[in-house]
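First up is the structure itself, then whatever we jot down about it.
What follows is calculated from the coordinates using simple rules that are stated; it is not laboratory data. Keep in mind it's a predicted model, so treat the numbers as computed, not measured. So basically every Cβ, Gly included, is an ideal-geometry build from the backbone, and we count neighbours across all protein chains shown.
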Amino acid sequence: MKPSSPLGARFRTAVLTLSLAVVATLGSVSRADVPVREEPQRPSAFGATEDAPLPTVAPGDLQGLLRNCDAERERAVAAQKLCEQDKTGVDFLGAAYAALWIILMAFFALVAIRQRRLSAELATLRERLARLGER
Amino acid sequence: MSASSPDADLQPARPGVTWMPYVVAAALLVALFLVFFVAPRERTMGEVQRIFYFHVASAFAALIGWVGCAVASLAYLFLSARQGMEVIAKITDRLAHALGEIGVLFGTIVLITGPLWAKPVWKTYWTWEPRLVLMMLTQFLFIGYLVLRAYAKKDVAGRKLAAGIAVIGGPAVYLIHVAVELWGGNHPQVVSGQGGGLQHPDMQLTFAVAIASVLLFAASLVHLRMRHHAFTDELEDAYLELSDREDARS
């Protein structure tokens, strides 16, 4: 029987591992309870929380005063809602930036380990070269 | 690696441009300063929207890395079949490998920061919308490319097989880009150029600086990884040469 090449065996192992990872992911998702979501936000623009100044009201314009009063109340409600959102939002913001730096640090650690391994291989190579020269 | 003196050229891979890390670090610090101290709070999402600047910049880096990897792999497949093009083919292969690694690195960042942004805004970490699914599958595809490329080492057939997988990943990047327009989804269409966008000038400035700094960072990482792969190749060649000489002596 013809022995399989090392690449063939490794390739099959890699493909099998990846396939299992994909199947496991899809399997876990199909079993998971899909949470009931609120109406999704799909903004087409990101704006700042700067409020435009309210229109000036002429003395005796009661309707104008009421309109400004309503506008101020709406702004206060929106600001309150945003503050509520920020209570959890700030934690997720911190987690996202922490994750970003952890991933980058892990990558640099991996590169440093590989670099050290290469340097060790270089030392071995030099040693073998020296021995070859002595003969 | 010269045949006469295998020891002479071998030096551990060093960063080619010594000032590069300082420039990249400064650019990233400026971008972070702008994100947290200059960009205003977003009016509907609040503070959590600040994830956007590095999330989208990382997505740009990942997609550019994957497209670059696919193009360089295609060039490698084309050039490796031609006489006298071996050196350029080797360089394109190393470039593809480095770009694939950086694409996966930034793809990981996107797939982790994205759910952390989605949870407070969409009330769920993950939705099975086409853009997210395609992004995850493309990430799996390029992880497969890297695994195969790592196992192949000097084996030309293995390298070509890996390059073929990377070429398949190229069109997937285009589909990720147009997924929301074609099939819908919850993703904001802020960077689509169809109206809207970032309405505050400080937001626009922060986004531009974040994109520039992350792309500069990604480019410096590609450069670093290419040098590393070149050195690894030279070391493997030197080992083969040395083994031949030892066999000849004994």
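For the range A:120-130, putting each phi into the Karplus relation 6.51 cos²θ - 1.76 cosθ + 1.60 with θ = phi - 60° gives couplings of 5, 5, 4, 5, 4, 4, 5, 4, 5, 5, 5 Hz, in residue order, rounded to whole numbers and with x for Gly and Pro. Identify the chymotrypsin sites (Phe, Trp or Tyr not before Pro) of the range B:134-182 meeting these criteria: DSSP loop state and at most 13 other C-beta atoms within 10 Å of the C-beta. Hits after loop and neighbour filter: nothing returned. Here the Karplus relation 6.51 cos²θ - 1.76 cosθ + 1.60, evaluated at θ = phi - 60°, turns the backbone of the range B:50-55 into coupling constants of 5, 4, 3, 4, 8, 5 Hz, with x for every Gly and Pro. Database remark: amide H of residue B:41 closer than 5 angstrom to the amide H of A:49 (H placed geometrically; neighbours at sequence offset of 5 or more, or on other chains; Pro and chain starts carry no H). For residue B:90, the lysines whose Cα falls under 25 Å of its own Cα, not counting residues fewer than eight places away in the same chain, are B:153, B:154, B:160. At q = 0.07, 0.13, 0.14 Å⁻¹ the log10 of I(q)/I(0) for chain B amounts to -0.31, -0.89, -0.99, computed by Debye summation with a single uniform scatterer per C-alpha, solvent ignored. Of all lysines in the structure, those lying under 23 Å Cα to Cα from residue A:81, and not within fewer than 8 positions of it along the same chain, are B:119, B:123. Put simply, the amide H of residue B:197, placed in the peptide plane, has neighbours under 5 Å in A:45, A:46, leaving out anything fewer than 5 places away on its chain.
Rounded to the nearest whole Hz, the Karplus-based 3J(HN,Hα) values (6.51 cos²θ - 1.76 cosθ + 1.60, θ = phi - 60°) of the range B:162-173 follow the sequence 4, 4, x, 5, 5, 4, 4, x, x, x, 4, 5, with x at glycine and proline. Extending 7 Å from the Cα toward the beta-carbon at both residue B:78 and residue B:178 defines two label points whose distance is 2.2 nm.
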